[in-house]
Amino acid sequence: MRFASLGSGSEGNGLVVEAGDTRVLIDCGFGLRDTAARLGRLGLAPDSLAAILVTHEHSDHVGGVPAFAARHGIPVWATYGTLTAVSAKFEAVDRLYGFDSHDAFAVGDLEIRPFPVPHDAREPVQYVLGDGEHRLGVLTDVGVTTPCVESSLDACDALVLECNHCLDLLAASDYPYPLKQRIAGRLGHLHNEAAAELLTRIDTSRLRHVVAAHLSQQNNTPAKARAALAQALGCTPDWIGVADQATGFGWREI
Ligand SMILES: [Zn+2]
Ligand SMILES: [Zn+2]
């Protein structure tokens, strides 16, 4: 298995995951041409994707999905709740598949296990993807962790983990108070220390990759995210990867 990011953050997200001959894209928050260019940087053609898996209806995750899926004839998978929220915008998509947030399914060689997360959307999920031998856990856009989140991410070989903000930077920022409340709330986004604490509560014995993702460009820094996760894992900060908004990150092999 291998995975790479097209970009990560509140201005757009996209994560490519590959096993054997199967390649899927989780979310697409970029425009048509931008998505093709970002895939091109990874050596991929748009029509090589077997599916787009959607996490939830916020525009940094679905903004580019309908146009890209319609143009390249790619099937789209989303929870029934997400489909309800996006139905008007997704009319041009030919193959739309709904699923319940607890139901696993397969796309080609990839086993896909969604799990529900607390976030201010209709039926938001995140994913664990596996090839039968190795597993990648993905967790962004989550206000707080839950026992379900923790058991889902237990013993993964790689994690892409939200480190949205530093609590002190968010508190000191000039964001309006209601927005600060939303971000830091139970249906908002995970801060560095909460992400670090999650790592201390799950089985990390198989971990070969940890990438911090969905960093706020105003209220966080890569160094702060790295330091928090490294302290939790007892590793050096440079071992922790960071997915950025402009370039994501390059291929990582599991
Ligand atoms: Zn987001
Ligand atoms: Zn969101």
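The values are calculated or read from the model by the stated rules, or taken from the named source; none is laboratory data. Since this is a predicted model, take the numbers as computed values, not measurements. Quick reminder, even Gly has a Cβ in these numbers, built from the backbone with ideal geometry, and neighbours come from all protein chains shown.
The residue that is nearest to His209 (Cα to Cα), among those in region 227-241 that are surrounded by fewer than 20 Cβ atoms within 10 Å (Cβ to Cβ) and not small (Gly, Ala, Ser), is Trp239.
In summary, Val93 fulfils each of the numbered conditions (1) in a strand (DSSP E or B); (2) away from ligand 1 (no atom under 16 Å from the Cβ); (3) β-branched (Val, Ile, Thr) with the single exception of condition (1). Quick check on my filter: what residues within region 173-188 are within 17 Å of the chain's Cα centre (by Cα) and without any contact (Cβ under 8 Å) to a residue 60 or more places away in the chain? The answer is Ile183, and nothing else. Taking the conditions (1) surrounded by 16 or more Cβ atoms within 10 Å (Cβ to Cβ); (2) closer than 21 Å to Leu136 by Cβ in turn, Lys224 satisfies each one other than (2). When region 234-254 is filtered for residues that are under 28 Å from Glu11 (Cβ atoms) and over 18 Å from the mean Cα position of the chain (by Cα), the ones remaining, listed by number, are Pro237, Asp238, Trp239.
When the test is whether a residue is hydroxyl-bearing (Ser, Thr, Tyr), surrounded by fewer than 22 Cβ atoms within 10 Å (Cβ to Cβ) and farther than 21 Å from Val125 by Cβ, Ser151 does not pass it. Residues in region 211-219: is at least one more than 18 Å from the chain's Cα centre (by Cα), more than 16 Å from ligand 1 (Cβ to nearest atom), at pLDDT 95 or above and on the phi < 0 side of the Ramachandran plot? The answer is no; no qualifying residue exists. No other residue among Ser152, Ser101 is assigned to a helix (DSSP H, G or I), free of Cβ contacts under 8 Å to residues at least 40 places away in the same chain and under 16 Å from the mean Cα position of the chain (by Cα) apart from Ser152. The residues in region 35-58 that are free of Cβ contacts under 8 Å to residues at least 12 places away in the same chain, assigned to a loop (DSSP other than H, G, I, E, B) and among the hydrophobic types (A, V, I, L, M, F, W, C) can be counted, and the count is 1.
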